[in-house]
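Q: One structure coming up, written as structure tokens, with questions to follow.
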Amino acid sequence: MRFLLALSFMTSIPVSLGRMMSDEEMGQSTRWFPAVGGVIGGLVSSLFVLSSYILPPSVSGAIALIFWIAITRGLHLDGLADTFDGLGGGATRERALEIMKDSRIGTFGALAIGSVLILKFAALSSFGPRGFYWILVSPILARWAVVWSIFHFPPARKDGAGRVFVSSCRRLELSVASGFALVASTVLLGWIGIVVLGVTGVVAYFVGCWISRHLNGLTGDSYGCICEMIEALVLVAGSLVLQGRL
């Protein structure tokens, strides 16, 4: 049930939960975030590989990226934009949080979304069918980084998604999520996967510290920001590895 809750929250895949879920169950669903990333990665990578046999790499990359955005409802991109708008335009913590609640996108948010999408598109366009495993592992590690951040940083607001997740994301949730991410990255990428997982944790921690220094904690938007940044990072790393530059 908690896996289905995570799937319904993080994707546009129709899921029937049968009843209202409690805040505690919502927080406990974080243990399955990387598994949901596996579902997303499996669908996106399969579409990319199949289309790459009949279409140019750039077109396959564009199709995969559009589908990626659609299946996640742009949820994390919205968080990325809100976070950069808040940090870029808010001189104080209170002002930054106020800006992040505004549904309108600002200059910093637009630049952040554009930059991440360009990086993802460039990486996808360089892959070809060999990029299947990197596309698959990218959303897994990104959502593990979200769980890692939820566990290690306090919520910036007394209400909102941050508080709900932090209150029930305990060592069990982190352990299950970490175990899944470790097994998946090792099986898919070998020893390189272990290195990428470690780098992911370090990057997520420092990004979390940077955001938390301004907001005194993280918000739901912050988690989306971290997710998008890690996805782009893993895809770029995969591009470099496949081209023999790492």
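Q: Tell me, yes or no, whether segment 156-165 has at least one residue that is in a loop (DSSP other than H, G, I, E, B), hydrophobic (A, V, I, L, M, F, W, C) and in contact (Cβ under 8 Å) with a residue 24 or more places away in the chain.
A: Looking for residues that are in a loop (DSSP other than H, G, I, E, B), hydrophobic (A, V, I, L, M, F, W, C) and in contact (Cβ under 8 Å) with a residue 24 or more places away in the chain, one finds at least one in segment 156-165, hence yes.
Q: Now, a different point. If we keep just the residues of segment 106-126 that are farther than 22 Å from Leu47 by Cβ and in a helix (DSSP H, G or I), which is modelled with the lowest pLDDT?
A: Thr107
Q: Of everything in segment 187-246, what is touching a helix residue (DSSP H, G or I) at 6+ places or on another chain (Cβ under 7 Å), closer than 24 Å to Ile99 by Cα and among the charged types (D, E, K, R)? Give them in sequence order.
A: Those that are touching a helix residue (DSSP H, G or I) at 6+ places or on another chain (Cβ under 7 Å), closer than 24 Å to Ile99 by Cα and among the charged types (D, E, K, R): Asp221, Glu228.
Q: Also, quick follow-up: Which one is farthest from Ile192 (Cα to Cα) among residues in segment 219-246 that are among the charged types (D, E, K, R) and in a helix (DSSP H, G or I)?
A: Result: Asp221.
Here is a yes/no grid of residues against (1) closer than 17 Å to Trp68 by Cβ; (2) within 16 Å of the chain's Cα centre (by Cα); (3) crowded, with 22+ Cβ neighbours inside 10 Å:
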site	(1), (2), (3)
Arg95	no, no, no
Ser103	no, no, no
Gly106	no, no, no
Ser126	yes, no, no
Gly131	yes, no, yes
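Q: Looking at Ala70, is it in contact (Cβ under 8 Å) with a residue 40 or more places away in the chain, hydrophobic (A, V, I, L, M, F, W, C) and surrounded by fewer than 18 Cβ atoms within 10 Å (Cβ to Cβ)?
A: Considered against the rule, which asks whether it is in contact (Cβ under 8 Å) with a residue 40 or more places away in the chain, hydrophobic (A, V, I, L, M, F, W, C) and surrounded by fewer than 18 Cβ atoms within 10 Å (Cβ to Cβ), Ala70 comes out as yes.
Q: Looking at (1) under 25 Å from Arg213 (Cβ atoms); (2) in contact with a helix residue (DSSP H, G or I) (Cβ under 9 Å, 6 or more places away or on another chain); (3) without any contact (Cβ under 8 Å) to a residue 12 or more places away in the chain, find the lone condition where Ala110 falls short.
A: Status for Ala110: all satisfied but (3).
Q: Every residue in segment 190-218 that is crowded, with 16+ Cβ neighbours inside 10 Å and either touching a strand residue (DSSP E or B) at 6+ places or on another chain (Cβ under 9 Å) or part of a loop (DSSP other than H, G, I, E, B) (or both), please.
A: Hits for segment 190-218 are Gly208, Ile211, Ser212, Gly217, Leu218.
The values are calculated or read from the model by the stated rules, or taken from the named source; none is laboratory data. Treat the numbers as computed from the prediction; the structure is a model and nothing was measured. No Cβ is skipped: glycine too gets one built from the backbone with ideal geometry, and neighbour counts run over all protein chains shown.
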